[in-house]
Amino acid sequence: MARIETPKRIRGTQDIFGDEQRRFARVLEAFETVRRLYCFQRVDIPVFESTAVFARSLGETTDVVSKEMYTFEDRGGDSLTLRPEFTAGIARAYLTEGWQQYAPLKLATAGPVFRYERPQKGRFRQFHQIDAEVIGAAEPAADVELLVLADQLLRELGIQDGVTLQLNTLGDAETRDAWRGALVTHFGRNAGDLSDDSKARLERNPLRILDSKDPKDRPIADAAPGIDAYLTSEAGAFFENVTKGLDAAGVAWTRNDRLVRGLDYYRHTAFEFVTDRLGAQGTVLAGGRYDGLIGSLGGPETPGVGWAAGVERLAMLLAEPEIERIEAVVIPMGDAAEARALGILADLRRAGIATDMAFRGNMKRRMAKADASGARFAVILGESELAKGVASVKALGSGAQSEVAFADLVGALQAS
Ligand code: ATP
Ligand code: MG
């Protein structure tokens, strides 16, 4: 018979298990905690959308749309794309579901996103984001609230010390147009020395040259004019309000006037939380204001601001996760005890006591399993216990052991 080949995991995808899974869950739990504290509503949106949702709102010239999307035709002939990020889908939902009536709307979501990129440490093709957005608020207070939320998330995870908030403004439309013109002139003058990628960006997306990582581009990007000389007074005042708000809330930040975001729709605030602990994949959380986005989807001009963070990158920064603690391990010896143990297990679990059963190997091996689980108690059921209608409850910390009647087990474990 021909040998059947085992299917392979798709490159850039992950099977998240063990310690890795515990870290991952910890990030999602912390996000859920702060989301509630900041009164952001949880929302869930589809994993795929019409390709136009991303193409229009992110812009055809962006890396994500031009190179990274998983786009396919479905059986009905429609062009669909697996979401490469959340903002565009949320903006689409805001328009199609009539959420305008709730504006300003504070939303939070989490889940898998998909980008066709070269997999490496901290970079996957299916990865996971947590995402927070405020739609329908033009006030800098919304930007501040999102940044303070992000900061609190890092504190909640205990990783705030290794991560820096870098902040910039991209100004309003007028500012951005003027600055873009100055950048095109500067980069045009130095075009011969730019990397090939940046030569292509010169026409399509000159702002992106500023944050190029190519060593060829760096001196030219570093010498490029900053935005400050082009800021309108409104745009300058907006930025000042954001920085004052951060100072008032006690959130540390540094100005990085080379920081731009890849997507066309960004205005005013742009930011990244960056660490040097993850090599080239050092941006853990990033976002900004996207006042042009909903208009580009054909909706009424609607301001918005938000961020997304890579769950995997945050998880990689966490200290060794604790194993999930359980309360008790039931150890039945013999068939009759095993049958009785099923009822006891069900009672304990229904009472909210996390309980496992050790049913393999000799007594020594089962006790070792109970010890390794970190449980507080072993509930031992042998023939003599069964005959008396009791279980021997052993406190695994102290070694103290006592007999407890079946009917009193739940109470005894809950009390101690
Ligand atoms: P990068 O510069 O690393 O490619 P990006 O600017 O493309 O990041 P965003 O679109 O801002 O990233 O996405 C927000 C966050 O999602 C990033 O800060 C990062 O933590 C995470 N992220 C982005 N791409 C990946 C990926 N391929 N694998 C894992 N995490 C990712
Ligand atoms: Mg990217």
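The values are calculated or read from the model by the stated rules, or taken from the named source; none is laboratory data. Given the structure is predicted, the values throughout are model-derived calculations rather than measurements. Positions of Cβ are backbone-derived with ideal geometry, glycine not excepted, and every protein chain shown enters the neighbour counts. Surface accessibility is based on the protein's heavy atoms, side chains included, excluding ligands, DNA and RNA. Shrake-Rupley method; radii C 1.70, N 1.55, O 1.52, S 1.80 Å.
Counting only protein heavy atoms and a 1.4 Å probe, tell me what percentage of the chain's accessible area is made up of carbon and sulfur.
Here carbon and sulfur together make up 50 percent of the probe-accessible area.
Calculate how many DSSP beta bridges within the chain are antiparallel, expressed in % of all such bridges and rounded to the nearest 5.
Antiparallel: roughly 80 percent of the beta bridges in the chain.
Using modelled backbone amide H atoms (1.01 Å from N, in-plane), which distant-in-sequence or interchain residues come within less than 5 Å of Tyr70's amide H?
Leu82, Tyr116
Give me a comma-separated list of calculated 3J(HN,Hα) values for the stretch 177-183, in order, Karplus coefficients 6.51, -1.76, 1.60 applied at θ = phi - 60°, integers in Hz, x for any Gly or Pro.
4, 5, 5, 4, x, 5, 5
Rounded to the nearest 500, what is the 222 nm mean residue ellipticity of the chain from helices alone, with -39500 (n - 2.57) per DSSP H run of 4+ residues and division by all residues?
Here the helix-only value at 222 nm equals -11000 deg cm²/dmol.
With a 1.4 Å probe and all protein chains left in place, how much accessible area per residue does the chain have, in Å²?
Value returned for the chain: 48 Å² of accessible area per residue.
How about the stretch 1-109: which trypsin sites (Lys or Arg not before Pro) there lie in a loop by DSSP and see at most 11 other Cβ atoms within 10 Å?
Here the trypsin sites (Lys or Arg not before Pro) that fit, given the DSSP loop and packing criteria, are Arg3, Lys8, Arg9, Arg11, Arg75.
Based on the alpha-carbon gyration tensor of the stretch 1-82 and its eigenvalue square roots a ≥ b ≥ c, which shape applies: rounded if a/c is under 1.5, prolate if not and a/b is larger than b/c, or oblate?
It comes out oblate by the Cα gyration axes.
Whole-Hz Karplus ³J(HN,Hα) for the stretch 317-322, in order, using 6.51 cos²θ - 1.76 cosθ + 1.60 and θ = phi - 60°, x for Gly and Pro?
Once θ is set to phi - 60°, the couplings for the stretch 317-322 become 8, 6, 5, 3, x, 6 Hz.
For Glu49, what residues show an amide H to amide H distance below 5 Å, using hydrogens built from the backbone and excluding near sequence neighbours?
Excluding prolines and chain starts, which carry no amide H, the hits are Thr81, Arg83.
With 27 Å as the limit, write out which pairs from Lys8/Lys369; Lys67/Lys244; Lys106/Lys213; Lys121/Lys369; Lys8/Lys121 have Cα-Cα distances beyond it, or answer none.
Lys8/Lys369; Lys67/Lys244; Lys106/Lys213; Lys121/Lys369
Once Rh is set to the Kirkwood radius over Cα pairs, what Stokes-Einstein translational diffusion coefficient, in µm²/s, holds for the stretch 174-252 at a temperature of 25 °C and a viscosity of 0.890 mPa s?
The diffusion coefficient I find is 177 µm²/s.
Would you mind calculating the gained length between Lys244 and Asp161 on full extension (0.36 nm times residue separation, minus the Cα-Cα distance), in nm to one decimal?
Answer, rounded to one decimal: 27.7 nm.
Tell me which of Ala337, Leu409, Ala368 sits at the most positive position along the dipole axis of the stretch 328-415, charges placed on C-beta atoms (Lys, Arg +1; Asp, Glu -1).
Ranked along the dipole, the leading option is Ala368.
Given the convex hull of the Cα atoms of the stretch 328-415, what is a quarter of its surface area in nm²?
It is 5.0 nm².
Translational diffusion coefficient of the stretch 145-206 at 25 °C, 0.890 mPa s, Stokes-Einstein with Kirkwood Rh over Cα pairs, in µm²/s as a whole number.
This corresponds to a translational diffusion coefficient of 168 µm²/s.
Show log10 I(q)/I(0) for the chain at q = 0.07, 0.11 Å⁻¹, two decimals, from a solvent-free Debye sum over equal Cα scatterers.
The calculated log intensity ratios at q = 0.07, 0.11 Å⁻¹ are -0.47, -0.88.
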